[in-house]
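**Q** First the structure, which I've put down as structure tokens, then a few questions once you've had a look.
The values are calculated or read from the model by the stated rules, or taken from the named source; none is laboratory data. If you're wondering where the values come from, they're calculated on a predicted model, not measured in any experiment. Please note: Cβ atoms are built from the backbone with ideal geometry, for glycine as well, and neighbour counts cover all protein chains shown. Note: areas computed on protein heavy atoms with side chains; ligands, DNA, RNA excluded. Shrake-Rupley method; radii C 1.70, N 1.55, O 1.52, S 1.80 Å.
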Amino acid sequence: MEKKRMPIGIEDFAKLRTNHFYYVDKSSMIKELLGNWGEVNLFTRPRRFGKSMNMSMLKYFFEIGTDKSLFDGLVISREIALCEQYMGRYPVISITLKNVDAGNFETSRLMIARVINEEARRFRFLLDSDSLSKQEKQDFELLLDREMADDTLFSSLRFLSELLHRHYGQKVIILIDEYDVPLAKANQHGYYKDMVGVIRNIFHAALKTNPALEFAVLTGCLRVSKESIFTGLNNPKMYTLLETECDEQFGFTDEEVREMLAYYGLTEYYDVTKEWYDGYKIGRVSVYNPWDVVNWCEQLRTNLNKVPRSYWANSSGNEEVRRFIQQMGDGVTKTQMERLISGETVQKKIEEQLTYDTIYSSVENMWSLLYATGYLTQSETPAGNVVRLTIPNTEVRSIFRDSVLSLFEKKLVREDGVAVADFCEALKAGDAEEVEKQLTDFMKQTVSIRDTAVRKAFKESFYHGMLLGILGFKGGWSVDSNGESGDGYYDIAIAIEEEEIGIIIEVKYAEGGRLDRECMEALKQIDEREYTAELKHDGMRTLLKYGIAFYKSTCRVVVERETEVRED
């Protein structure tokens, strides 16, 4: 039997359920949502954690005229009385603001108007409703105009809910997905205050004392301060990362990932999947990033030799991490950064009510931002809003590593060409003592990896990256990384063609500080696996083989020289 397709980029619940896509059943969220009950419910979760799919599921469950077979076999279908009472019983207004991204306020405001306009067009039948007056129908036509005036836009969701209530005789459910994206983009482009006014006015009309409203569900990345957006709402129910309610409904649980891997015959990849994509603590449970798991499984289905990579990281610019790391020396210490990258924890007070115009105004706010956006997570049950933070997994740790190394290159390598030149000259000359001195000086300018829980391979790749950053600014040298030569893959190979000098560098992390031993192991590996074979083939007559071992902020360098004698 043909296996179900992976739902990469699929956010429509009906499309997923009717087109043979794999679905991780999150329908129990419906029962939890109704059982916890809030007139206005806000779920804050990192990006790519299934918010849009869950909102689509809610729409198809509650909306009048829904295809009830979409829920056959799902957990919620066992709740017979609940399904009879709620399934297909409500008019539903459902919009997403995730694509509202413009460089100026006027365009962004127009995009919001068109999102609401498109939703209003689903209900064009209201123009023929016997339950609405002529004036109401004329006013409804204003919602069908893509160029809404402010008064029409601000009252749009409320007015639409009133018309639907009147037509069906049933209160309305309002779903607003990614409500804070326009605010984030507005802050980025410099029109935040104007956008706050638009969002506040729309929400205030639709969600505060609206007699046509049954309940509303909103999703977003941040819980934006009540004073700025949710003014006047009566105790909206918040489902933040610290709450235990609905904690399993966004992201994949360990059991769900095991089931998926087993279904596709990929059980042997469980450990690496967990190492790379698990570790996000929400409420009481640890969950995997669903975007990563789905993409990773799809890659493995086509090629079992694939290695894991940062799917989630590559779907965003990771601006939050870069700006945070730039704060080193201005509130973020090297020690804190080293602890995080090494798998340790940092205790911080988390502020869950932020405003986008202040998130970068202080380091403390940035800790909260990294937590809310998934770059950091809680390592244990928090004490109130005091949370012990850690990097969740290898993927996110790689983001921090690459950002640290990028800053290292910018601040040190590009600004200190003399130091780079001295290092490269020592490397070319085979001067192990000077290479070691220069590397030690470089490491004082960046973070180090502490000897803790992080796997040795990651520690080695960090220092490997640091070396590549330094060598990348040496003109005239051919520098290659992780290439195939002899019987394996070397760390770094350098060809200085004009002088016929070839350099092989093998990087080791000396756990326990055994630097000399690891250096000798590195040289032994170079010889046994014939890493110099390619350099010899390319005509390099002098070969320098370096074993470089790192331990925290120290290193040891050993070199062996091999000169090839050619007969004329």
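**Q** Select, from Cys519, Cys555, the only residue that is at negative phi and part of a strand (DSSP E or B). Show your work before the answer.
**A** Working: Cys519 fails: part of a strand (DSSP E or B).
Exactly one residue qualifies, and that residue is Cys555.
**Q** Within the range 476-496, is there a residue that is modelled with pLDDT of 95 or more, charged (D, E, K, R) and not in a strand (DSSP E or B)?
**A** So far as the range 476-496 goes, yes, one or more of its residues are modelled with pLDDT of 95 or more, charged (D, E, K, R) and not in a strand (DSSP E or B).
**Q** Now for a separate question. Has the range 202-215 got at least one residue that is open to solvent by 60 Å² or more (accessible area, probe 1.4 Å) and within 26 Å of the chain's Cα centre (by Cα)?
**A** The first filter runs over the range 202-215 and keeps only residues open to solvent by 60 Å² or more (accessible area, probe 1.4 Å), leaving 204, 208-209, 211.
So of that shortlist, the ones also within 26 Å of the chain's Cα centre (by Cα) come out as none.
Among the residues of the range 202-215, not one is open to solvent by 60 Å² or more (accessible area, probe 1.4 Å) and within 26 Å of the chain's Cα centre (by Cα), which makes the answer no.
**Q** Check Asn117, Asn99 and return the single one that is under 36 Å from the mean Cα position of the chain (by Cα), open to solvent by 50 Å² or more (accessible area, probe 1.4 Å) and not acidic (Asp, Glu). Walk me through how you get there before you give the answer.
**A** Values: Asn117 fails: open to solvent by 50 Å² or more (accessible area, probe 1.4 Å).
Asn99 is the lone residue from the list that is under 36 Å from the mean Cα position of the chain (by Cα), open to solvent by 50 Å² or more (accessible area, probe 1.4 Å) and not acidic (Asp, Glu).
**Q** Among the residues of the range 376-389, which ones are surrounded by 15 or more Cβ atoms within 10 Å (Cβ to Cβ) and without any contact (Cβ under 8 Å) to a residue 60 or more places away in the chain?
**A** Filtering the range 376-389 down to residues surrounded by 15 or more Cβ atoms within 10 Å (Cβ to Cβ) leaves 376-379, 382, 387-389.
Across the range 376-389, the qualifying residues are Leu376, Arg388, Leu389.
**Q** Mind checking which residues of the range 55-111 are among the basic types (Lys, Arg) and closer than 30 Å to Asp150 by Cα?
**A** Residues of the range 55-111 among the basic types (Lys, Arg): 59, 68, 78, 89, 98, 109.
Matches in the range 55-111: Lys59, Lys98, Arg109.
**Q** Quick one: which residue in Phe203, Phe215 is under 30 Å from Gly384 (Cβ atoms) and assigned to a strand (DSSP E or B)? It would help to see each step written out before you state the result.
**A** Numbers: Phe203 fails: assigned to a strand (DSSP E or B).
Within the list Phe203, Phe215, the selection yields Phe215.
**Q** Let me ask another. Going by the structure shown, is Ser94 buried (at least 20 other Cβ atoms within 10 Å of the Cβ), among the polar types (S, T, N, Q), under 28 Å from the mean Cα position of the chain (by Cα) and not in a loop (DSSP other than H, G, I, E, B)?
**A** Details: buried (at least 20 other Cβ atoms within 10 Å of the Cβ): no; among the polar types (S, T, N, Q): yes; under 28 Å from the mean Cα position of the chain (by Cα): yes; not in a loop (DSSP other than H, G, I, E, B): yes.
Against the criterion (buried (at least 20 other Cβ atoms within 10 Å of the Cβ), among the polar types (S, T, N, Q), under 28 Å from the mean Cα position of the chain (by Cα) and not in a loop (DSSP other than H, G, I, E, B)), Ser94 does not qualify.
**Q** Can you tell me which residues in the range 12-32 are among the acidic types (Asp, Glu), in a loop (DSSP other than H, G, I, E, B) and either modelled with pLDDT under 95 or within 24 Å of Asp254 (Cβ to Cβ) (or both)? Give the steps one after another, and end with the answer.
**A** If we filter the range 12-32 for residues that are among the acidic types (Asp, Glu), which is where we start, we get 12, 25, 32.
Checking which are in a loop (DSSP other than H, G, I, E, B) leaves us with 12, 25.
Scanning the range 12-32 gives a single hit, Asp25.
**Q** Collect the residues in the range 18-40 that are crowded, with 20+ Cβ neighbours inside 10 Å, more than 19 Å from Asn295 (Cβ to Cβ) and either aromatic (Phe, Trp, Tyr) or out of contact with any Phe, Trp or Tyr (no Cβ under 6 Å at 6 or more places or on another chain) (or both), keeping them in residue-number order.
**A** Hits for the range 18-40 are Ser27, Met29, Leu33, Val40.
**Q** Which residue pairs have Cβ atoms under 7 Å apart, sit 6 or more places apart or on different chains, and have a first residue in the range 420-445 that is without any contact (Cβ under 8 Å) to a residue 24 or more places away in the chain and assigned to a helix (DSSP H, G or I) and a second that is of a type in the set (D, E, K, R) and open to solvent by 40 Å² or more (accessible area, probe 1.4 Å)?
**A** Note: pairs meeting the criteria are Ala426/Glu434; Gln438/Asp422.
**Q** Next question, about the same structure. Which of the following residues is buried (at least 19 other Cβ atoms within 10 Å of the Cβ), more than 25 Å from Asp402 (Cβ to Cβ) and modelled with pLDDT under 95: Glu534, Glu499, Glu562? Let's see the steps before the verdict.
**A** Working: Glu499 fails: buried (at least 19 other Cβ atoms within 10 Å of the Cβ); Glu562 fails: buried (at least 19 other Cβ atoms within 10 Å of the Cβ).
The match here is Glu534.
**Q** Inside the range 246-312, counting only helices (runs of 4 or more DSSP H) that do not spill past its ends, which hold 1 or more residues that are free of Cβ contacts under 8 Å to residues at least 60 places away in the same chain and farther than 23 Å from Ser27 by Cα? Lay out the reasoning, then the answer.
**A** Numbers: elements: 254-263, 270-277, 290-302.
Hits in the range 246-312: 270-277, 290-302.
**Q** Just to be sure before I move on: is Asp402 in a helix (DSSP H, G or I), within 25 Å of Phe324 (Cα to Cα), touching a residue at least 60 places away in the same chain (Cβ under 8 Å) and open to solvent by 20 Å² or more (accessible area, probe 1.4 Å) in the structure I sent? Write out each step before concluding.
**A** Details: in a helix (DSSP H, G or I): yes; within 25 Å of Phe324 (Cα to Cα): yes; touching a residue at least 60 places away in the same chain (Cβ under 8 Å): yes; open to solvent by 20 Å² or more (accessible area, probe 1.4 Å): yes.
Spelling it out, Asp402 is indeed in a helix (DSSP H, G or I), within 25 Å of Phe324 (Cα to Cα), touching a residue at least 60 places away in the same chain (Cβ under 8 Å) and open to solvent by 20 Å² or more (accessible area, probe 1.4 Å).
**Q** Another one. Quick one: count up the residues across the range 350-377 that are out of contact with any Phe, Trp or Tyr (no Cβ under 8 Å at 6 or more places or on another chain) and either assigned to a strand (DSSP E or B) or small (Gly, Ala, Ser) (or both).
**A** Number satisfying all stated conditions: 6.
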